[in-house]
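S.K.: Pasting in a structure now, in structure tokens, and then I'll have a few things to ask.
Read the figures in this text as sums done on the coordinates, not as results from a lab. These figures come from a predicted structure and were not determined experimentally. For neighbour counting, all protein chains shown are included, and Cβ atoms are generated from backbone atoms with ideal geometry for every residue, glycine included.
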Amino acid sequence: MSGELWTTGDIARRLGVTTERARQLSHLPTFPSHRQQAAHIRLWDAEDVEQWITTFRPENANPPHGTNGA
């Protein structure tokens with residue numbers, strides 16, 4: 001996943017939640033900072049998000065087979 005950037009849509013698919021819920025999670029103080037922003041689209045480093053998932057959403061730490069967030 002090195003260097004891969006995720007949108008809120010990617011994060012939502014990874015967690016199995018709506019994009020609105022992923023947006024809400026992205027505003028939590030514990031959520032990693034986004035790496036890039038273009039217009040109103042923010043992009044997060046996939047490894048940072050995976051680390052956050054492991055720490056703060058351990059029930060989602062192992063993605064279902066074939067799910068990579070993209």
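S.K.: Under the rule a/c < 1.5 gives rounded, and otherwise a/b versus b/c splits prolate from oblate, where does the chain land using the Cα gyration tensor?
M.R.: Here the chain falls in the rounded category.
S.K.: Multiply the residue separation of S33 and T55 by 0.36 nm, subtract the distance between their alpha-carbon atoms, and state the gained length in nm to one decimal.
M.R.: 6.4 nm
S.K.: Let me ask another. Per residue of the range 20-29, what does 6.51 cos²θ - 1.76 cosθ + 1.60 with θ = phi - 60° give for ³J(HN,Hα)? Whole Hz please, x for Gly and Pro, Karplus curve as stated.
M.R.: My calculation for the range 20-29 gives 5, 5, 4, 4, 4, 4, 5, 8, 5, x Hz in order.
S.K.: When the dipole is taken about the Cα centre of the chain, and only Lys, Arg (+1) and Asp, Glu (-1) are charged at their Cβ, what size is it in debye, to the nearest 20?
M.R.: My answer is approximately 220 debye.
S.K.: Same structure, new question: Please give the length that would be gained between H40 and E20 if that part of the chain were fully extended, namely 0.36 nm times their separation in residues minus their C-alpha to C-alpha distance (nm, one decimal).
M.R.: In short, 5.8 nm is gained.
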